[in-house]
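Heads up, the thing below is written out as structure tokens.
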Amino acid sequence: MMQQVTLNGHAYIGGSSRRIPARLEIAKHGGETWLRVLPETEAELSRARLLDIAIDPALGRAARKLTFQDGTVFETTDHAGFAFLDSHTHGARLHRLERFGPHLIGFTLACLAGAFLLWRYGLDILAALAVAMTPAVLVEQIDRGTMQTIDYVMAEPSQLSHEERDRALGIYQAVIAELPEAERSARDFQLLFRHMPEVGPNAFALPGGTMVMTDALLREFPSEDVIAAILGHEIAHVVEEHGLRRLYRSLGAYVLIALLAGDTGPMLEDVLLEGNALLSLSYSRTQETAADEFGLALSHQAGFDPVGLKVFFKALESEMGSGSEWMSSHPSHSARIEAIDAFIETLLER
């Protein structure tokens, strides 16, 4: 017994662009599904088993097409009728999954949850692995690229006198001498000076060991204890690889978002060749606290008073206020001063 279904549409004769009205007859016969194309006014164009016919996958509400072995093509917009034809094919199942419904909502929520877990826990692990696998030559290139950007965008040659720079370099050498030899030889440590009026009294370190102090910092805070504590803090960021970890974590987050959005962009080239990405990064509160403690211990070992770091943040608090930790990557100045006091007590008790 034969069950028959008819779909209306159009046919293209093999090897021709001629489009004619036609119908597709689908029938079960002998345990197999047979199809034939019948024009309105002409004899049968083509006949074949379903297994021998190529069926285009479903794409939204676009017309569905079937291609017979002799080149005849039949297309129809009768999606409801077409469901009888390919209800058990992979393309049809995929098409059903693409339709909006509870399953799609659940899949979307699962993807978002997975992305959050990867961002919250996985990026730090991946960043640590990336840091361990990064060759020294690449880190040096990041330092060079970042300094080129800084010198082009925001820095001018230092206006410090030779005496001022030699004094700062002496403090720097005394502090860095307290690092274990393995740490000192693993990186190309160097201290640079720049005139950066828009930055104010500040210092920062790059992943490869390059450190920069602004003229304003050395002139507004001439105390050796302050300079030593700040240098110790920046050395800590290098030794603990905070900058490189933040870079890889931010790059990982960027790639994660870009993959979800479908556009990765030129981020990697920007990071490796220009160093612009490093300028927009900031350390986490945990990293800042760890660098404070590391720097205090290092400057104390070098013979300087660790209170110098407290003096620096007290001055910033007086000028800028304590600030809030809410929505900030850094601890507030008041919280930082309290933590410094507590750590100095334990440091002096050792």
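The values are calculated or read from the model by the stated rules, or taken from the named source; none is laboratory data. These numbers come from a predicted model, not from an experiment. Methodologically, a virtual Cβ is constructed for each residue, glycine included, from the backbone with ideal geometry; neighbour enumeration extends over all protein chains shown. When the accessible area is computed, the model is the full protein with side chains, heavy atoms only, and any ligands, DNA or RNA have been set aside. Shrake-Rupley method; radii C 1.70, N 1.55, O 1.52, S 1.80 Å.
Within region 19-46, the set of residues being at pLDDT below 85 and open to solvent by 70 Å² or more (accessible area, probe 1.4 Å) comprises Lys28, His29, Gly30, Gly31, Glu40, Thr41, Glu42, Ala43. All conditions but one from (1) closer than 18 Å to Phe82 by Cα; (2) open to solvent by 80 Å² or more (accessible area, probe 1.4 Å) apply to Arg49; the one that does not is (2).
With the condition kept exactly as written, say whether any residue in region 133-154 is touching a residue at least 12 places away in the same chain (Cβ under 8 Å), out of contact with any Asp or Glu (no Cβ under 6 Å at 6 or more places or on another chain), hydrophobic (A, V, I, L, M, F, W, C) and closer than 13 Å to Asp215 by Cα. No, region 133-154 contains no residue that is touching a residue at least 12 places away in the same chain (Cβ under 8 Å), out of contact with any Asp or Glu (no Cβ under 6 Å at 6 or more places or on another chain), hydrophobic (A, V, I, L, M, F, W, C) and closer than 13 Å to Asp215 by Cα. Being at pLDDT 80 or above and open to solvent by 60 Å² or more (accessible area, probe 1.4 Å) is the filter here, so list the residues in region 1-16 that pass it. Result: Thr6, Asn8.
Restricting the first member to region 10-38 and to residues that are under 14 Å from Thr67 (Cβ atoms) and in contact (Cβ under 8 Å) with a residue 60 or more places away in the chain, and the second to residues that are of a type outside the set (Phe, Trp, Tyr) and not in a strand (DSSP E or B), the beta-carbon pairs closer than 8 Å and six or more apart or on different chains are Ala11/Leu45; Ala11/Thr72; Tyr12/Arg18; Tyr12/Thr72. Residues in region 62-80 that are in a loop (DSSP other than H, G, I, E, B) and more than 26 Å from Gly31 (Cβ to Cβ): Ala62, Ala63, Gly71, Thr77.
Selection of region 175-192 for residues being more than 31 Å from the chain's Cα centre (by Cα) and farther than 18 Å from Ala291 by Cα yields Glu181, Ala182. Based on what the data block shows, is Asp225 part of a loop (DSSP other than H, G, I, E, B) and in contact with a helix residue (DSSP H, G or I) (Cβ under 7 Å, 6 or more places away or on another chain)? No. The set of residues in region 340-350 that are under 13 Å from Lys310 (Cα atoms) and either buried (at least 17 other Cβ atoms within 10 Å of the Cβ) or at pLDDT below 85 (or both) comprises Ile340, Phe343, Ile344. Taking the criterion of being of a type in the set (A, V, I, L, M, F, W, C) and either at pLDDT 75 or above or open to solvent by less than 40 Å² (accessible area, probe 1.4 Å) (or both), the residues of region 78-89 that qualify are Ala80, Phe82, Leu85. Please indicate, with yes or no, whether at least one residue in region 288-296 is at pLDDT 50 or above, more than 23 Å from Ile125 (Cα to Cα), out of contact with any strand residue (DSSP E or B) (no Cβ under 6 Å at 6 or more places or on another chain) and of a type in the set (Asp, Glu). Yes: one or more hits.
Okay, residues lined up against (1) in a strand (DSSP E or B); (2) among the hydrophobic types (A, V, I, L, M, F, W, C):
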{"site": "His10", "(1), (2)": "yes, no"}
{"site": "Arg23", "(1), (2)": "yes, no"}
{"site": "Lys28", "(1), (2)": "yes, no"}
{"site": "Leu38", "(1), (2)": "yes, yes"}
{"site": "Thr41", "(1), (2)": "no, no"}
{"site": "Glu44", "(1), (2)": "no, no"}
{"site": "Arg47", "(1), (2)": "yes, no"}
{"site": "Pro57", "(1), (2)": "no, no"}
{"site": "Gly60", "(1), (2)": "no, no"}
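Consider region 54-77 and keep the residues that are of a type in the set (Lys, Arg) and at pLDDT 85 or above. The one that is most open to solvent (accessible area, probe 1.4 Å) is Lys65.
Mind checking whether some residue in region 160-172 is in contact (Cβ under 8 Å) with a residue 40 or more places away in the chain, closer than 17 Å to Phe294 by Cα and within 31 Å of the chain's Cα centre (by Cα)? Within region 160-172, not a single residue is in contact (Cβ under 8 Å) with a residue 40 or more places away in the chain, closer than 17 Å to Phe294 by Cα and within 31 Å of the chain's Cα centre (by Cα).
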